[in-house]
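Trainee: If you scroll down you'll find the structure; I have some questions about it.
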Amino acid sequence: MSILATGKDLMRVNMGPHHPSMHGVLRLIVTLDGEDVIDCEPILGYLHRGMEKIAENRTIIQYLPYVTRWDYLATMFTEAITVNGPEQLGNIQVPKRASYIRVIMLELSRIASHLLWLGPFMADIGAQTPFFYIFRERELVYDLFEAATGMRMMHNYFRIGGIAADLPHGWIEKCLDFCDYFLTGVVEYQKLITRNPVFLERVEGVGILGGEEAINWGLSGPMLRASGIEWDLRKVDHYECYDEFDWEVQWQKEGDSLARYLVRIGEMTESVKIIQQALEGIPGGPYENLEIRCFARESDPEWNDFEDRFISKKPSPTFELPKQELYVRVEAPKGELGIFLIGDQSSFPWRWKIRPPGFINLQILPQLVKRMKLADIMTILGITIGVLVIVWLEREISAGIQQRIGPEYASPFGILQALADGTKLLFKENLLPARGNTRFFSIGPSIAVISILLSYSVIPFSYHLVLADLNIGIFLWIAVSSIAPIGLLMSGYGSNNKYSFLGGLRAAAQSISYEIPLTLCVLSISLRAIR
């Protein structure tokens with residue numbers, strides 16, 4: 001790490017690693033001179049799912065359910081890029097109706113992604129109200145997704161040569177009503193946010209990035225267009241049927257955080273225009289290329305082969321990928337989402353390389369935050385890669401909007417929801433694995449629960465009510481509660497199931513990652529108090 005040589009004492013501060021439900025699994029090592037940022041080093045790699053290698057060991061149809069986990073705020077784009085590559089390799093034509101429906105779904109997904117960027121970004125810089133507003137429109141988008149695909153987030157809707165199912169009756173009218181309503185919501189956002197002097201003070205002139213510098217860093221999407229570069233792959237690559245619609249590329253020339261905000265707000269309005277035109281002009285005809293159903297199959301399959309005797313099902317239909325290489329890309333909400341694909345006359349891709357937009361855009365972060373204030377890091381980070389939300393709050397808001405049984409019914413403010421979940425866990429049927437280690441499988445949860453209950457013995461519930469008044473109470477609490485990961489590992493191992501074991505490993509790792517920083521914080525305060 002390069003640190004400027006000054007006569008003052010510099011301080012290194014860890015921001016993160018952040019929880020997966022916040023900014024992604026990201027750690028920032030920030031070097032400070034007072035409140036001024038001297039250097040910033042992003043550290044990634046805390047969560048790796050091996051999506052590229054999974055793709056190289058699956059057919060495209062088998063792999064489609066996986067891809068929505070790349071970016072579960074813009075799931076339609078990950079599905080689109082997954083089918084676009086094989087379609088171009090095999091020169092497969094997509095029916096016009098299917099192309100129109102794809103564009104509608106992509107633009108709805110863009111709106112949903114930008115909304116869940118806007119709310120948490122505003123919360124990061126101190127404005128809580130927009131965080132609650134964006135869930136109104138986002139839930140309406142997810143209602144449309146659920147009506148068309150059957151799923152709210154992980155859709156598995158795109159298919160090679162078309163889509164999985166046609167739009168249901170009444171869906172088009174419902175989507176048009178949403179577009180009219182959402183335009184009024186955008187106006188509300190502009191009144192509430194864009195003209196707010198406090199907001200402008202936080203974002204205007206912060207994180208300035210020029211157009212030439214943005215190109216040199218390989219940035220794309222709103223990050224690039226906010227720096228004066230009018231570049232949108234929907235106009236450049238002419239994929240799907242975007243050329244048939246009247247819309248404008250949103251761009252700004254200032255290159256600061258305010259410009260990136262304005263680009264995203266403008267893109268939501270343009271997405272509504274595209275959706276309205278597509279809904280009004282959607283053609284009839286098939287929603288899939290029926291010729292794609294002629295998959296390569298065995299001419300004379302035997303019913304006593306390996307798949308039928310041991311797997312009890314036939315393999316999913318597929319076709320051979322030609323021996324070619326191809327790079328295909330789409331304009332995702334965060335930027336250019338691309339795949340480098342190599343086929344070798346087999347049903348599995350020989351190479352599947354993903355170009356994620358957020359990962360590429362993140363590399364400019366150290367350059368943007370230098371010579372800025374510490375508080376500006378959250379502004380620049382949020383406007384660069386977007387954020388998610390904490391689990392409890394999303395459950396609370398989603399349950400309230402959808403009017404379903406959820407946390408808001410389990411006592412005021414949902415404070416007893418965890419108790420309700422624990423009670424259900426205790427009294428449900430106890431299933432033991434037939435081939436697992438039943439001793440470990442039963443002892444593991446007991447260790448986890450008992451250690452947590454013992455930790456309450458040193459917690460003072462009032463001035464005179466404490467079960468064990470010890471001088472080292474906080475450290476005893478940390479020591480006892482740190483036994484819980486052992487129970488998680490034992491349970492996963494005792495199940496004799498690799499997925500349960502991997503889940504136990506991840507849960508134990510996450511618990512330890514919380515406990516170590518907590519212990520160091522408490523230790524530093526205790527040592528300071530002793531002095």
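The values are calculated or read from the model by the stated rules, or taken from the named source; none is laboratory data. Quick caveat: nothing in here was measured; it's all calculated off a predicted structure. FYI the Cβ positions are ideal-geometry reconstructions off the backbone, even for glycines, and counts take in every protein chain you see. Only protein heavy atoms, including side chains, enter the accessible area calculation; ligands, DNA and RNA are left aside. Shrake-Rupley method; radii C 1.70, N 1.55, O 1.52, S 1.80 Å.
Trainee: With respect to P357, is the statement that it is within 25 Å of A74 (Cα to Cα) and either modelled with pLDDT of 55 or more or open to solvent by 10 Å² or more (accessible area, probe 1.4 Å) (or both) true?
Mentor: yes
Trainee: Only one of L341, L374, L388, L381 is under 30 Å from T31 (Cβ atoms) and either at pLDDT 85 or above or open to solvent by less than 30 Å² (accessible area, probe 1.4 Å) (or both); which?
Mentor: Numbers: L341 fails: under 30 Å from T31 (Cβ atoms); L374 fails: either at pLDDT 85 or above or open to solvent by less than 30 Å² (accessible area, probe 1.4 Å) (or both); L388 fails: either at pLDDT 85 or above or open to solvent by less than 30 Å² (accessible area, probe 1.4 Å) (or both).
L381 is the lone residue from the list that is under 30 Å from T31 (Cβ atoms) and either at pLDDT 85 or above or open to solvent by less than 30 Å² (accessible area, probe 1.4 Å) (or both).
Trainee: Separate question: Any residue that is part of a helix (DSSP H, G or I), in the same structural domain as V522 (by the TED database) and surrounded by fewer than 13 Cβ atoms within 10 Å (Cβ to Cβ) - is there at least one of those in the stretch 454-473?
Mentor: no
Condition check ((1) open to solvent by 10 Å² or more (accessible area, probe 1.4 Å); (2) in the same structural domain as Y242 (by the TED database); (3) farther than 13 Å from M154 by Cα; (4) not in a loop (DSSP other than H, G, I, E, B)) across all residues:
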{"site": "L73", "(1), (2), (3), (4)": "yes, yes, no, no"}
{"site": "I81", "(1), (2), (3), (4)": "no, yes, yes, yes"}
{"site": "Q93", "(1), (2), (3), (4)": "yes, yes, yes, no"}
{"site": "R97", "(1), (2), (3), (4)": "yes, yes, yes, yes"}
{"site": "I104", "(1), (2), (3), (4)": "no, yes, yes, yes"}
{"site": "E107", "(1), (2), (3), (4)": "no, yes, yes, yes"}
{"site": "A112", "(1), (2), (3), (4)": "no, yes, yes, yes"}
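Trainee: I'm trying to understand the selection: among the residues of the stretch 26-78, which are among the hydroxyl-bearing types (S, T, Y) and touching a helix residue (DSSP H, G or I) at 6+ places or on another chain (Cβ under 7 Å)?
Mentor: Listed by number, the residues that qualify are Y63, Y66, T68, T75, T78.
Trainee: Among the residues of the stretch 65-88, are any free of Cβ contacts under 8 Å to residues at least 40 places away in the same chain, at negative phi and not charged (D, E, K, R)? Reasoning before the result, please.
Mentor: So in the stretch 65-88, the residues free of Cβ contacts under 8 Å to residues at least 40 places away in the same chain come out as 66-67.
Of the ones still in play, those that are also at negative phi are 66-67.
Keeping just the survivors that are not charged (D, E, K, R) gives 66-67.
The answer is yes; a qualifying residue exists.
Trainee: Let me ask something else. For the list (1) in a loop (DSSP other than H, G, I, E, B); (2) at pLDDT below 85, I need the number of the one condition that N57 fails.
Mentor: Of everything listed in (1) in a loop (DSSP other than H, G, I, E, B); (2) at pLDDT below 85, N57 misses just condition (2).
Trainee: Next question. Would you mention how many residues in the stretch 148-164 are in contact (Cβ under 8 Å) with a residue 12 or more places away in the chain, open to solvent by 40 Å² or more (accessible area, probe 1.4 Å) and at negative phi?
Mentor: Number satisfying all stated conditions: 4.
Trainee: Has the stretch 168-177 got any residue that is touching a Lys or Arg at 6+ places or on another chain (Cβ under 9 Å), open to solvent by 20 Å² or more (accessible area, probe 1.4 Å), in contact (Cβ under 8 Å) with a residue 60 or more places away in the chain and in the same structural domain as P86 (by the TED database)?
Mentor: no
Trainee: Here's a follow-up. For the stretch 122-147, give me the residue count where each residue is open to solvent by less than 10 Å² (accessible area, probe 1.4 Å) and aliphatic (A, V, I, L, M).
Mentor: The total comes to 4.
Trainee: Would the stretch 217-225 turn up any residue that is surrounded by fewer than 17 Cβ atoms within 10 Å (Cβ to Cβ) and outside any loop (DSSP other than H, G, I, E, B)?
Mentor: No; the residues of the stretch 217-225 include none that is surrounded by fewer than 17 Cβ atoms within 10 Å (Cβ to Cβ) and outside any loop (DSSP other than H, G, I, E, B).
Trainee: In the stretch 479-515, which residues are in a helix (DSSP H, G or I), open to solvent by 70 Å² or more (accessible area, probe 1.4 Å) and either in contact (Cβ under 8 Å) with a residue 24 or more places away in the chain or touching a Lys or Arg at 6+ places or on another chain (Cβ under 7 Å) (or both)?
Mentor: Here is the first cut: in the stretch 479-515, the residues in a helix (DSSP H, G or I) are 479-481, 484-494, 498-515.
Okay, now just the ones that are also open to solvent by 70 Å² or more (accessible area, probe 1.4 Å), so 486, 493, 498-499, 501-502, 505-506, 512, 514.
Those that are in a helix (DSSP H, G or I), open to solvent by 70 Å² or more (accessible area, probe 1.4 Å) and either in contact (Cβ under 8 Å) with a residue 24 or more places away in the chain or touching a Lys or Arg at 6+ places or on another chain (Cβ under 7 Å) (or both): I486, Y493, I512.
Each row is one residue, and each column tells you yes or no for (1) open to solvent by 30 Å² or more (accessible area, probe 1.4 Å); (2) modelled with pLDDT under 85; (3) among the acidic types (D, E); (4) assigned by the TED database to the domain that holds V83.
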position	(1), (2), (3), (4)
V272	no, no, no, yes
L279	no, no, no, yes
G284	yes, no, no, yes
D300	yes, yes, yes, no
S312	yes, yes, no, no
K323	yes, no, no, yes
R329	yes, no, no, yes
